[in-house]
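> I'd like to ask some things about the structure below.
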Amino acid sequence: MPDSKRQPGAMKWKLIGIGTAIMLAIPGAAVQLDLQSARDASLARYVPKFARSTALEVTARDQDAGSDKALAYAESERLLARRPVPAENLSLYGLLAFETGKPKQADAAFALAAQRGWRDTLTQELVINAALQTQDWQVAADRLTALWSANLDAPNITEVSKAALGVGAVQEAFGARLAHKPRWQSDFLRWAGENLSLESAANTVHAAIVQRAEFKCNELAALARNMAFGGQPDAAALAWSGPCRNPKALSASDFGFDEPDEGYERGPFEWIYPEFAAFSRTFNSDGKPAVMTVSNSDPENRTAAMRLVRLAPGAHSVTVSAQGSAASRVFVRVECIAQDGERGLIARDYATAGAIAFEVPAVSCSEQLLTVMVGRGETAAMYLQLS
C-alpha cells in the first residue's frame with residue numbers, strides 16, 4: 001500500500017480540476033474497460049463506441065445487453081446508489097456520465113474515485129494518465145506503484161507503465177519507490193527488460209539502487225548484460241552500479257583471465273567463460289597478467305572466453321600468447337556492436353599470426369566483443385594483450 005502520507009489529501013494534490021484531467025485520459029481507460037469486458041460480460045455495454053473491440057464480441061453473445069447509453073448511465077446510477085464507496089463504481093459512473101454529456105457529474109465522480117481508488121486498476125490508470133497530462137510526476141509515480149502493488153495482471157499495466165516510465169522524472173520517483181517493494185522487484189526487472197527502452201530501464205533501476213534496493217544479483221546481471229549486448233553500454237554500466245558489482249573485478253584496461261568469484265555475478269564488462277562438456281579451465285593469478293589453461297577434449301573449436309570492451313575509434317591490436325599442444329589453434333575474433341545491437345566483424349585470425357590489427361570505426365561501434373576460441377588439446381598459460 002502507498003504511504004499514507006502520500007495519499008491525495010495529504011499530498012495536497014489539486015483535486016479541483018482532476019476530474020477534467022482524468023476525462024482527457026478517458027480513451028486509454030476505455031480501452032482497458034474494453035479488455036476487462038472479456039472477463040466480465042456485464043461491462044461490455046458500458047464501453048464507449050470509440051474503444052469497442054472485445055466488447056462488441058461480448059455484447060453479441062449477451063442477448064440481454066443493451067446499447068442505450070442513457071439506460072446504461074441510469075443503471076450505473078443505481079449501482080452507485082447501492083454501493084457508493086467502491087472506486088470502480090465511481091469510475092464506471094464517471095465514464096458513462098462523460099459519454100452521455102454530463103461533464104460536471106463525471107468531474108465529481110472522477111475526483112472521488114481518485115481519492116479512493118488505490119486498489120482499483122481502472123481508477124489508477126485514469127489518475128496516472130491525468131497526472132502525466134498535468135505533469136504531476138510524483139502522483140504518477142505514486143499511482144503507478146500502487147498499480148504494480150495491487151495487480152500485476154492488470155490488462156493495461158504494460159501500456160500505462162511504458163507511458164509513465166517514458167518520463168525521466170517518473171523514472172526517478174518510481175525507482176525510489178521500487179527500492180522498497182521487494183515482492184515484485186523481480187517481476188519488474190523481467191518486465192522492464194522486455195518492454196522499456198534500455199535507457200528508461202537503466203534509469204529506473206539506478207534510481208532504485210541509489211535508494212538501496214536489494215535486487216537479486218543474478219537477475220540484475222542478466223538485465224545489465226542484455227543492455228550491453230544490445231548496444232547500450234552506458235545503460236548497462238548504470239544498471240550495474242550497485243552492490244552486486246564485485247569490488248575486485250578487473251579494471252577496464254586489465255585483460256588478465258580472472259577466475260570467477262562464486263560470491264559474485266559476472267558484470268556486463270567482465271570475462272564470460274561459457275561452459276561445455278569435455279572442457280575445463282584452470283587459472284593462475286600469481287603473476288601479472290593472470291593466465292588461464294584450457295583443456296578441450298572435443299574435436300570442435302570452443303569459446304574459451306569472451307568479453308565486451310569499449311575502445312576508442314582508431315587503430316588497435318590484440319595478441320594472445322599461449323603454450324601447449326593446442327596453442328597453434330587459438331583463434332581470435334573482434335566484432336563491433338552498434339547502438340541497435342547489430343554486430344559487424346572487424347578482425348579474425350589465429351593467434352600464431354602475432355598481433356592482430358584492427359580498426360575501430362567512429363560510428364556504429366559503441367563497444368566491441370572479443371572472443372577467444374581454442375581447438376582440441378591443451379592450451380596453457382594463455383593471456384591476452386590489447387593495445
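Each value in this text was obtained by applying a stated rule to the coordinates, not by laboratory testing. As the structure is a computational prediction, the values presented were derived from the model and not from experiment. Don't worry about glycine lacking a Cβ; one is built from the backbone with ideal geometry, like all the others, and counts go over all protein chains shown.
> Mind jotting down the distance between the C-alpha centroids of the range 217-270 and the range 271-331, whole Å?
18
> Search the structure for amide H atoms under 5 Å from the amide H of Glu367, placed 1.01 Å from N in the peptide plane, and list their residues when 5 or more places away or on another chain.
Close amide H contacts, sequence-distant or interchain: Ile337.
> Give me the number: length gained by fully extending Gln385 to Ser197, i.e. 0.36 nm times residue separation minus the C-alpha to C-alpha distance, one decimal in nm.
Numbers: separation 188, 0.36 × 188 = 67.68 nm, distance 3.46 nm.
The Gln385-Ser197 span can extend by a further 64.2 nm.
> Ranking request for peptides 376-387, 215-226: highest mean number of other beta-carbon atoms within 10 Å first, then the rest in descending order.
Sorting 376-387, 215-226 by mean packing, highest first, produces 215-226, 376-387.
> Simple spin-label model, 7 Å along Cα-to-Cβ: Asp187 to Ser366 in nm?
Placing both labels 7 Å beyond Cα along the Cβ direction yields 3.0 nm.
> Right, another one. At a Förster distance of 51 Å, what's the computed FRET efficiency of Asp234 paired with Ala278, Cβ-Cβ distance as r, to 0.05?
That pair, Asp234 with Ala278, gives E of 0.85.
> Under a 5 Å amide H to amide H cut-off, with H placed in plane at 1.01 Å, what residues pair with Gly324 once short-range neighbours are removed?
Ala380
> Can you tell me the FRET efficiency between Ala355 and Asp286 if r is taken as the Cβ-Cβ distance and R0 is 25 Å, rounded to the nearest 0.05? If you can, show how the numbers build up before the last one.
On the way: r = 26 Å, r/R0 = 1.03.
The calculated FRET efficiency here is 0.45.
> Mind ordering 298-307, 205-214 by average Cβ neighbours within 10 Å, highest first?
Numbers: 298-307: 16.4, 205-214: 19.7.
My ranking of the peptides, most packed first, is 205-214, 298-307.
> Take the Cα coordinates of the range 130-267, assign each an equal point scatterer, and use the Debye formula without solvent to give log10 I(q)/I(0) at q = 0.17, 0.18 Å⁻¹.
Once normalised to I(0) and log-transformed, intensities are -0.88, -0.97.
> Between Ala222 and Ser251, what is the label-to-label distance in nm when each label sits 7 Å out along the Cα-to-Cβ direction?
Between Ala222 and Ser251, the simple spin-label model gives 3.4 nm.
> Give a residue-ordered list of calculated ³J(HN,Hα) values for the range 364-370 (Karplus: 6.51 cos²θ - 1.76 cosθ + 1.60, θ = phi - 60°; whole Hz; x for Gly, Pro).
Coupling constants for the range 364-370: 6, 8, 5, 7, 10, 10, 9 Hz.
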